[in-house]
Amino acid sequence: MSILIVGTTALDSIKTPQSENPRLLGGSASHAAVAASFFAPVSLLGVVGDDFPEEYITLYKKHKIDLAGLERAPGNTFHWEGEYEVNMNNRQTLETDLGVIENWAPTLSDNLCRQPFVLLANCAPQLQHHVLRQTKEARFVIADTMDLWLNIARHELESLLKEIDCLVLNDSEARQLMEEDNVVLAAQQIHRYGPKYVIVKKGEHGSVLSGPNGLFLAPAFPLNKVIDPTGAGDSFVGGLVGYLASHPGEVETNLHQAIIHGSVTASFCCEGFGLAATTEISMADIQQRMEALKSMVAF
Ligand code: AMP
């Protein structure tokens with residue numbers, strides 16, 4: 001089955017202690033769409049400005065991502081600038097320029113309205129809600145978010161949470177949302193806002209799912225070297241939804257496998273700047289790491 005992914009299609013300027021990389025292809029929807037594309041057909045819904053390089057469109061096409069919902073508007077593409085410390089778990093956002101996505105309110109084609117899996121990748125909750133309201137046959141809706149939206153659009157986020165099946169967010173955001181230091185408790189409390197499933201990402205420490213059957217813990221794939229973790233969270237959720245869309249049966253039955261596949265897909269993202277590493281792998285690489293991870297956690 002196919003997937004609709006809406007979110008940012010961005011230019012990212014990323015500084016690490018080793019190097020500076022201006023205006024790479026990034027954005028929540030770009031990372032998620034490429035990750036999901038290894039598993040299932042993906043339609044990308046997004047907007048770019050007239051500064052968006054043609055070579056990045058070619059990269060989407062290489063992954064057979066349907067671009068009928070990718071608009072080009074006059075103005076600047078969403079631009080995000082971030083800087084990592086030596087400990088790459090610590091990152092600072094230096095600049096977020098919303099550009100053409102700020103006032104963008106897309107009307108979905110009939111085809112896009114009817115996608116069974118919907119990923120509302122990280123972007124303004126108003127936009128996520130606007131897209132969700134137009135969907136007609138969604139079987140499973142996942143939303144991702146981040147601290148910026150908790151800070152400036154909390155009310156809109158809370159009203160979105162009533163309408164989705166699964167919320168994905170990182171540990172500091174879960175703590176912030178629930179004003180609760182214990183991440184497990186925070187995850188469990190988020191159900192009160194609506195989502196049946198809550199997944200809290202903990203970076204190199206994996207993730208925790210809270211759902212009707214209790215908790216599930218997923219490890220991250222251990223890496224010897226991290227080059228740039230930007231987009232790992234988006235790749236995680238992209239791989240996860242991709243796995244769900246490509247496997248028949250109940251989401252409940254497939255969710256644990258989906259989370260581990262998301263985790264493994266995200267590991268590749270960290271091994272290059274922007275999308276450089278993820279766009280070079282194949283399904284065979286994902287499967288190989290799945291096997292390696294399985295043997296590391298079997299006991
Ligand atoms: P992650 O490392 O998973 O948090 O995702 C980083 C990606 O999210 C980058 O490619 C950014 O372009 C994108 N991004 C950063 N800030 C935002 C935001 N406020 N809304 C949507 N996407 C964002």
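Read the figures in this text as sums done on the coordinates, not as results from a lab. Bear in mind the structure is a predicted one, so any value in this text is a computation, not a measurement. Reconstructed Cβ throughout: ideal geometry from the backbone, glycine too, with neighbour counts over all protein chains shown.
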Of Gly231, Leu293, Phe52, which is farthest along the charge dipole of the chain in the positive direction, counting Lys and Arg as +1 and Asp and Glu as -1 at C-beta?
-> Leu293
Net charge over other residues, Cβ less than 12 angstrom from the Cβ of Gly7 (K, R count +1; D, E count -1) | -2
For the stretch 1-94 the trypsin sites (Lys or Arg not before Pro) that pass both the DSSP coil test and the at-most-13 other-Cβ-within-10 Å test are Lys64
Remind me, relative contact order of the stretch 3-297 in percent, using alpha carbon pairs under 8 angstrom and six or more residues apart?
-> 18
Coil-residue GluC sites (Glu not before Pro) of the stretch 65-134, DSSP, other Cβ within 10 Å capped at 13 | Glu85, Glu102
Cβ-based exposure ranking for Val86, Val100, in which fewest neighbours within 10 Å come first = Val86, Val100
Choose one answer from Gly214, Gly272, Gly239: the residue with the largest mean-square fluctuation in a GNM of the chain with alpha-carbon springs under 10 Å.
-> Gly214
Taking Ser207, Ser159, Ser13, Ser19 and counting other C-beta atoms within 10 Å, the order from fewest to most | Ser19, Ser159, Ser13, Ser207
Entries of Lys136/Lys196; Lys162/Lys201; Lys15/Lys61; Lys15/Lys294; Lys61/Lys162 with Cα pairs more than 23 Å apart = Lys15/Lys61; Lys15/Lys294; Lys61/Lys162
Anyone know which of Met283, Met88, Met178 comes out most mobile in the 10 Å Cα GNM of the chain?
-> Met283
Cα centroid of the stretch 50-116 to Cα centroid of the stretch 1-28, whole Å = 7
Please find, in a Gaussian network model of the chain (springs between Cα atoms separated by less than 10 Å), the residue of His205, His63, His79 whose mean-square fluctuation is greatest.
-> His205
Could you point to the residue in Asn151, Asn254, Thr278 farthest towards the positive end of the stretch 3-297's charge dipole, with +1 and -1 charges on the Cβ of Lys/Arg and Asp/Glu respectively?
-> Asn254
Give, in whole angstrom and from largest to smallest, the semi-axes √(5λ) of the equivalent ellipsoid of the stretch 179-299, with λ running over the eigenvalues of the Cα gyration tensor.
-> 24, 17, 14
Out of the DSSP beta bridges found with both residues in the stretch 3-297, what percent are antiparallel (nearest 5)?
-> 40
Going by how many other beta carbons lie within 10 Å of each one, how would you line up Tyr193, Tyr60, fewest first?
-> Tyr193, Tyr60
For the stretch 3-297, what is the charge dipole size about the Cα centre, in debye to the nearest 20, if Lys and Arg each add +1 at the Cβ and Asp and Glu each add -1 at the Cβ?
-> 800
In the stretch 196-299, the trypsin sites (Lys or Arg not before Pro) that fall in loop regions by DSSP, at most 15 other Cβ within 10 Å | Lys196, Lys225
Which whole number in µm²/s is D for the chain by Stokes-Einstein, with the Kirkwood Rh taken over Cα pairs at 37 °C and 0.692 mPa s?
-> 174
How many nm is it between the label spots at His155 and Glu137, if each spot is 7 Å from the Cα in line with the beta carbon?
-> 3.7
What number, in nm² with one decimal, is the all-direction average of the projected area of the convex hull of the alpha-carbon atoms of the stretch 1-143?
-> 8.7
